[in-house]
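See below for the structure under consideration.
Values quoted throughout were computed directly from the atomic coordinates according to the rules given, and no laboratory measurement underlies them. Quick caveat, the model's predicted, so the values are computed rather than measured. Cβ placement follows ideal geometry from the backbone for every residue including glycine, while neighbour counts extend to all protein chains displayed.
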């Protein structure tokens, strides 16, 4: 209507915000309420699905961690920041344990692809984000032991995923156990059948044993 | 309570008279005033920075500094120490002399004006009978300081900033002085004390139509004079980085900062003196009234800063020459009408309505004349 | 209060000394910008002297007009025409001799007048004109000298219009 | 309109143009016809393809290809992909900037990344890389310079972690360290 | 003798037009408070008026396309977050749609709805932030930006709860989405969408009718409609010039045909129109979100019989061929051109970035205006350097 009206209406908004910052509760999300969270003292509630840098999970002893060094996550990591070397036992045969499992946190972009592609549920995304450090090369290059965290930690930060992973592992273990028994039973049945077959063969063989052995002894 | 500071000063002078010969007493009283102002200026500036950050923060739904000291009260000290520690960089082939002299030439006028401000009943440092003229003259010296800063930094952006701020200072000085003339007509003297006395028992000039308009014009020109939003062209961060004080760091930059805040205080102080009845006020001691009113006006300045975007250079000039100057001239005419219609009674209805009608008509007329700057109405079709 | 008199006197004489130094600087300084600033300082010292004699109004007007107005425009022109401010602009003219002669005439003419007035400060007793207050100034401007005041106004107005016409001619917007 | 109808429509109006459908796009055999075809498509009453969405360079080892995506802002259903093939040595393609202002930056990027020489482009210089850069990074045969050169502190770090570093790497690092001429095989020393 | 004495002062060679004022070349450089990232403009000024303006970019060039050609299709999904880091969900959607078009993958309805909800939420976040930065460039000292960020935080919390990260979501997969939306997350989104109109009214009265904003924005940086079409400008900039072209309406991709919403068009195509068109677009997005939140119903969030897509992304080999998928990203038409040679890595991966092409007309719009306007015009174009430089 007159020249200054838009300006006055806009200034009224900021004045209302100024007054409401005292009247409305801080962090209530209403218009005009303060939104500051005093970071070190107060913290926002952590979301379960929040993903920061990965960590390796082990069940009860740090030695038997779930990772079998199959190198799938290293190949699938977009910026290639995982470096795995298999452990070799005395005879030099590579074992299913990573001797070296380095993740370079300066390169990792916490995209969570390693967690998705890991067939053994061995690597998960952590919630720990206060890991700033002074030296880029050594301190932020996490080795296997720095990455290890217990299953309880995993349950603490991600309860639903933890339960789901555990149920899945439990089923897999039972399935494997059932399969083992089945295989064991099948093996016994086969062994028994074989034993029975030999027994009959042994009896037939006794009557016409001499001719068979000469044929076998002079192979072409 | 009201004359507290005056009694303190008298006691000090009395103390020195007992010890030294009488002429030293005069020196002591001068020294006390100087020390008071020299302490008051920077102190006001320090806590104005804190108040600004707190108020603007509250307008933006955040808390503002509250880490250093109880409610951030020590924040100004922290800033001061930081400014002292910061390395003072002088560009290589800049003009060393100008670079060094510029902040001094900007802070000095800002501090000098304190001498004329009537902080309370007979608490004016120097009771010049040309007080207002002193204020106008001193505030025009600041322009040269900005020139020196712009030219001394040998930086394209600061030259641009320097040009802009000088054009702005000159073109806003004239409406500022013109808007003071009605007060001088009503009071008949240039002395700040006389002006405040004339506004005794609620005869504040702001309640008269011409006084209100004069106050608005004076305040706007004052805001433009000390380069604060919405006229902060000289140090427009988004366009020319920091204008004339781009190349300053450390204590020199702190001086620029101090000059800006002190001139903000003096402008608000002068507006209170001229239009809001200075230290006149019912119950509280006089100096408290002065500070309350001044900080009220400073709150408005911070409110401007938190809300309004800045004007472009040509719009700024157009506002000064084509809007504020004619309005202040018409304001003088309105004062004369008010003066002769009101037969010595301050609030006569006729003397109130006729100038009011004249001013409203001229405001509307000027709006019509400045058509290209008026916002257009736009229609936005919503199509499929 | 003789001590106070002495203090004020040496203060004012110091101011005058500074003024002279600044005036010499304004002439001899190589950098034009510095010379401009020295000139501004001279004008401020003159305003100081006016105030010390008691003519506060004149001192304030001196600062407002000369330092605030004229000097600002001089420096503005120095900054605008880029090449001027940067390099050294020495007066290359060889008119030293003629200047000396002219200065000599000036000194002889003004000298006796200065000596006649005697040292600062003026005593009220001897024939100093009554201190002019702002009010009398205003009344006299509006009564006795109203005609020159109006003519000056018209003249300034004409000057203003002329300046705008010249400036506009350069860049017809 | 299917691809063949569009092809016949163009050939009807522009007799001398040779077009070949390639994977639901039209290959303009002779690159010099490109401006004529695009001009016609833009001005045509039926198709009105007046919006050039994107210009892309592609490297197919034996030849370089420039793909244009054209859409119409009037009749919103029509769109067409045009293709132009040039050999790798002197990839000259007529620029579309006189017809479509939008092609300006995209053609400069194609020049910067693949080395297409757009004739008629008002201001053909590198847009993403710095002006002194040599080589076309997106070409398949682009060898990234000094990707194998190790610095002295890299070598120290590797040795600290028990990795044996080849002898010539150490020699290379020493020469780098002493400010010697860095042996980038073919790119001369970039100034500045 | 007199020659020696004549004053040797050189007459300033004033050109025919009187004072030959020096033009000043200013680098509004890569490090500048209001170039929205590392973007440089070499501006030649005559006084305050812009004579010529040359944009210089490439400071943030990471050769994103070369990276994408050396990693598998789904491994480059997190890289698309970093293209236009303000709205990673619509970048993901563009890349996912392109590869699904290439591999002919069908997506269940719930995944489509989740994608529409997420990209409309990013449109809200992007427009609100852009208006905040534009007003901040004009000098409103951070107040609009902080109001905008107060609302943006709520949306980013939803993104974090859903995808795991606030800005780098990496949430979409070929064939659907990574995780399902739980009910309380849907409740959170409903609450945000319900509160947003009140915030928009406050945001509008703050500065929309403000006389200073109108003086600074109206009739500044006018972009005529035919120049916009010719320079292949897309997004709110094009619609502010009055051209009705919104890819959600043109291609009807995803499930946008099931929603009823309008497209706001500007009148003059100046900075004020671009500012106000974005405000109206936010209100339209709210309409879409409301309808989407009603129509969404439980179901599979990932396509079941997908050719070996999600579980082992390592040997996802789309058939030989090429595809060009485009999406109406908040900044304009974001297109991905992908050529596949049947192997795990794309043969050619090209991003048609809207901010990169919208910069073509920056110089045409800035000539003749003042330096302060050039900054505001750049702010109204809404560029993000991650997308410009790729």
Q.
Running a GNM on chain D with Cα contacts under 10 Å, which residue among D:158, D:14, D:124 ends up with the highest mean-square fluctuation?
A. D:158
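Which percentage, to the nearest 5, of the DSSP beta bridges contained in chain A is antiparallel? Intermediate values should be presented prior to the final figure.
Details: 12 of 15 bridges.
Close to 80 percent.
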**Q.** Mean residue ellipticity (222 nm) of chain D, computed from DSSP H runs ≥ 4 via -39,500 (n - 2.57), nearest 500
**A.** -8500 deg cm²/dmol
**Q.** Nearest-ten-degree value, helix E:271-295 long axis tilted from longest Cα axis of chain E
**A.** 10 degrees
Q: Calculate the mean, over all residues of peptide D:123-131, of how many other protein chain Cβ atoms lie within 10 angstrom of the residue's Cβ.
A: 3
Q) What is the log10 of I(q)/I(0) for segment A:109-195, computed with the Debye formula using one identical point scatterer on each Cα and no solvent, at q = 0.16, 0.17, 0.22, 0.25 Å⁻¹? A) -0.80, -0.86, -1.16, -1.31
Q. If one computes the Cα centroid of segment E:114-134 and of segment E:34-104, what distance in Å separates the two points?
A. 17 Å
Q: Take peptide B:233-243, look around each residue's Cβ out to 10 angstrom, count Cβ atoms belonging to other protein chains, and average those counts.
A: 5
(Q) Kirkwood Rh over alpha-carbon pairs of segment A:30-137, then Stokes-Einstein at 37 °C and 0.692 mPa s: what D in µm² s⁻¹, rounded to an integer? (A) 202 µm²/s
Q.
For the protein assembly as shown, take the convex hull of the Cα atoms, compute a quarter of its surface area, and give me that in nm², please.
A. 77.6 nm²
(Q) Given 4 °C and 1.567 mPa s, compute D for segment B:74-373 with the Stokes-Einstein relation, Rh being the Kirkwood radius over Cα pairs; round to the nearest whole µm²/s. (A) 64 µm²/s
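Take the Cα radius of gyration of segment E:155-290 and divide it by 2.2 N^0.38 Å, with N its residue count; two decimals is plenty. Walk me through the numbers before you get to the answer.
On the way: Rg = 17.7 Å, N = 136, 2.2 N^0.38 = 14.2 Å.
My calculation over the Cα atoms of segment E:155-290 gives 1.25.
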Q.
What three numbers, in Å, describe the spread of the alpha carbons of segment B:78-139 along their principal axes, ordered from the longest?
A. 49, 30, 12
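Based only on other Cβ atoms within 10 Å, what is the fewest-to-most ordering of E:114, B:170, C:166?
Numbers: E:114 26, B:170 18, C:166 10.
Listed from fewest to most nearby Cβ atoms, that is C:166, B:170, E:114.
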Q.
Taking 2.2 N^0.38 Å as the expected size of a compact globular protein, what ratio does the Cα radius of gyration of chain E give against it, to two decimals?
A. 1.14
**Q.** segment E:219-319: translational diffusion in µm²/s, Stokes-Einstein, Kirkwood Rh over Cα pairs, 25 °C, 0.890 mPa s
**A.** 150 µm²/s
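Can you sort B:275, E:199 from fewest to most other Cβ atoms within 10 Å of each residue's own Cβ? Provide the component values of the computation, followed by the final result.
Details: B:275 29, E:199 19.
So the residues, fewest neighbours to most, are E:199, B:275.
To two decimal places, what compactness ratio does segment B:224-273 give when its Cα radius of gyration is scaled by 2.2 N^0.38 Å?
Details: Rg = 11.9 Å, N = 50, 2.2 N^0.38 = 9.7 Å.
Taking the Cα Rg and dividing by 2.2 N^0.38 Å, one obtains 1.23.
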Q: Can you tell me which of C:49-56, D:92-99 comes out highest on packing, and rank the rest after it, using the mean Cβ neighbours within 10 Å?
A: D:92-99, C:49-56
Q) Percent relative contact order of segment B:106-151, based on C-alpha pairs within less than 8 angstrom and at least six residues apart? A) 44 percent
Q. Okay, helix-only estimate at 222 nm for chain A: each DSSP H run of n ≥ 4 adds -39500 (n - 2.57), divide by all residues, round to 500 deg cm²/dmol; what do you get?
A. -14500 deg cm²/dmol
Q) Alpha carbon centre of segment E:367-388 versus segment D:10-86: separation in Å? A) 32 Å
Q: State the Kirkwood hydrodynamic radius of segment E:320-390 in Å, one decimal place, computed from all pairs of distinct Cα atoms.
A: 14.0 Å
Q: Could you work out how far the C-alpha centroid of segment E:177-246 sits from that of segment C:1-51, in angstrom?
A: 62 Å
Q: Once you have all Cα-Cα distances for chain A, histogram them in 5 Å bins from zero and send the whole-percent values.
A: 1, 5, 8, 10, 10, 9, 7, 6, 6, 6, 6, 6, 5, 4, 3, 2, 1, 1, 1, 1, 1, 1, 1, 0, 0, 0
Q. Taking other Cβ within 10 Å of each residue's Cβ, how do E:174, B:323 sort, fewest first?
A. B:323, E:174
Q | Helical contribution to [θ] at 222 nm, DSSP H n ≥ 4, -39,500 (n - 2.57), averaged over chain B, rounded to 500 | A | -22500 deg cm²/dmol
